[in-house]
1. With contacts defined as alpha carbon pairs under 8 Å and 6 or more residues apart, what's the relative contact order of the stretch 77-171 in percent?
2. Dipole of the stretch 69-171 (Lys/Arg Cβ +1, Asp/Glu Cβ -1, origin at the Cα centre): which of S110, L80, Q99 lies farthest to the positive side?
3. Using label points projected 7 Å from each Cα along Cα→Cβ, tell me how many nm separate E166 and Q98, to one decimal.
4. Using 1/(1 + (r/R0)^6) with R0 = 25 angstrom and r between the beta carbons of L150 and L75, what's the FRET efficiency to the nearest 0.05?
Amino acid sequence: MVDMAFFRGGLGRWLPPSVPPVDEAVDESIDMVFLCQPNNPTGQLASPELVKKLLRRCWELLVLDRPGTARLAVLGRAPLCRTVLLPQENTAAPLRAQQVVGCGLSPRCSLTLSGLTPRTVLCVQRRLTAVNGAAIEPQDIPLPLRWGRLPPEALLLAAGAWLLAEGRLPD
C-alpha cells in the first residue's frame, strides 16, 4: 500500500491510510493528500489511475519534494492549485498555480533556515498568502526543538506546508 494521509478540516484531523484511496482522494471534502512515491519501505507506487485522478483535482496546496517535482516534469502536466511549495531549484517544473513558494538554503528562497542560532529558525523571506487567505509577513520563526532532527529539505517542506495550510506553526 502507498503511504497516504488524507486531511479533513485542517491539519489536526486526518484519516488513516485504510481509507479507499482512489475514491476518497478525489472527494471534494478532502483538503490535502500526502502521497509518498515510492512507498517507504515497500517501494510500491500509486496506481496510474490514482495519479490521474489526483492530477485532475484542483488543490489548495501542493507540496512537492525533488522526486515529486521530477515525476511531474516527466508527466509534462501539473494539477491546478492555489499554492505550490517545492525546493527552489525545481521551480522550472510545469506548474499551474497562483503562488509558487520555493524553499531551500539560499537567501533567494521564500522559505529558508537560519544558521545564526543554535535553535533551528524558519525564515520567511517574502510576504506569502496562506490557503485560508491570511497574510504571512516576513519573519523568523523558532521551530520546536524536535523538528531540528529532520534533514533541511524535509524540515522546510514540513514547516512550509504547515505554515501555508494553517497560516501559523503549531505552538
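Values in this text are rule-based calculations from the coordinates and carry no lab data. Computed from a prediction, not measured in an experiment: that's the story for all the values here. Neighbour counts run over all protein chains shown; Cβ positions are idealised from the backbone, glycine included.
1. Computed value for the stretch 77-171: 22 percent relative contact order.
2. Positive-end residue among those listed: L80.
3. Calculated label separation equals 2.2 nm.
4. Once rounded, the FRET efficiency stands at 0.35.
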